[in-house]
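Coordinate-derived values only; no laboratory data. All values derive from a computational prediction rather than experimental measurement. FYI the Cβ positions are ideal-geometry reconstructions off the backbone, even for glycines, and counts take in every protein chain you see.
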Amino acid sequence: MSAPKKQKRKQPVTTGPSYGFGFEPEETSHHFMVIIPKDKKEPVRVIERFDWKGESDLTAENSRQTINNRHKVRLPRPIFEKVKPFLTHDLNLRLHRDGYRTGKWQDGSNPIHWLLGKEITLLFWAIEDIENPEDVRLLKAIINWRGLRPEERWFLYDLINAASGGVNDRHGWRMAIKWGLLENPVDEKEITQLELFESSLDPDNV
């Protein structure tokens, strides 16, 4: 999860406040903000941010598009809820491994470490147009996304973001990643394993 050449921490030690999933402002102000609205009919939004004014940013609207506040993707709430348990598991596994504090989703603003933010945005770009949370392609996307190394996810994010990283973009590599993650064949046993994992979860812990 850590940037290339950065030493991996041996234990969770922070030099200052830590927010959400691994965002430490004293490390860098670059982060992603996943905004989960209280109204479950509203989409979940992801914003890439290059500025941090303090804890007031956690309650700010963050709706204005600026050079330091770039809207990346909107995801239907039912689709987010479907993939959320897998994201929670994977993000916290990486954070724990690299010595960051783990996180938990909450309504409102959820800051994400900038590298993990790239990775989940890549997944969200692939599934952003799916409407049915029971669509088996969601599980296929999780499996194919997990099959990519972090460095590959960062590369693909940067590739897509260069020309089609806006919230409403639907062209170029943005469309290619949908095919790559949604349609690439996967083993049916892997889908069954994800379904079993999902059914075993405590909803209060995701």
Among 29-41, 74-86, how do they line up from the highest to the lowest mean number of other beta-carbon atoms within 10 Å?
-> 74-86, 29-41
Taking only C-alpha pairs under 8 Å that are 6+ residues apart, what is the relative contact order of the stretch 31-200 in percent?
-> 25
Of the trypsin sites (Lys or Arg not before Pro) in the stretch 89-171, which ones lie in a loop per DSSP and count no more than 16 other C-beta atoms within 10 Å?
-> LYS104, ARG170
Take the alpha carbon gyration tensor of the chain, find the square roots of its eigenvalues, order them as a ≥ b ≥ c, and report rounded if a/c is under 1.5; if not, report prolate when a/b exceeds b/c, else oblate.
-> rounded
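Net charge within 13 Å of ARG137 by Cβ-Cβ distance, Lys/Arg positive one each and Asp/Glu negative one each, not counting ARG137 itself?
Local charge sum for ARG137: -3.
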Choose one answer from TRP179, TRP125, TRP105: the residue with the largest mean-square fluctuation in a GNM of the chain with alpha-carbon springs under 10 Å.
-> TRP179
For the stretch 137-153 and the stretch 73-129, what is the separation of their Cα centres, given in Å?
-> 13
Residue span THR59 to ALA163: 0.36 nm per residue of separation minus Cα-Cα distance leaves a gain in nm of 34.4 nm
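Within a Cβ distance under 14 Å of LEU122, other residues only, what is the Lys/Arg minus Asp/Glu net charge?
Local charge sum for LEU122: -1.
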Assuming a ≥ b ≥ c are the square roots of the Cα gyration tensor eigenvalues, decide whether the stretch 140-206 counts as rounded (a/c under 1.5), prolate (otherwise, with a/b larger than b/c) or oblate.
-> prolate
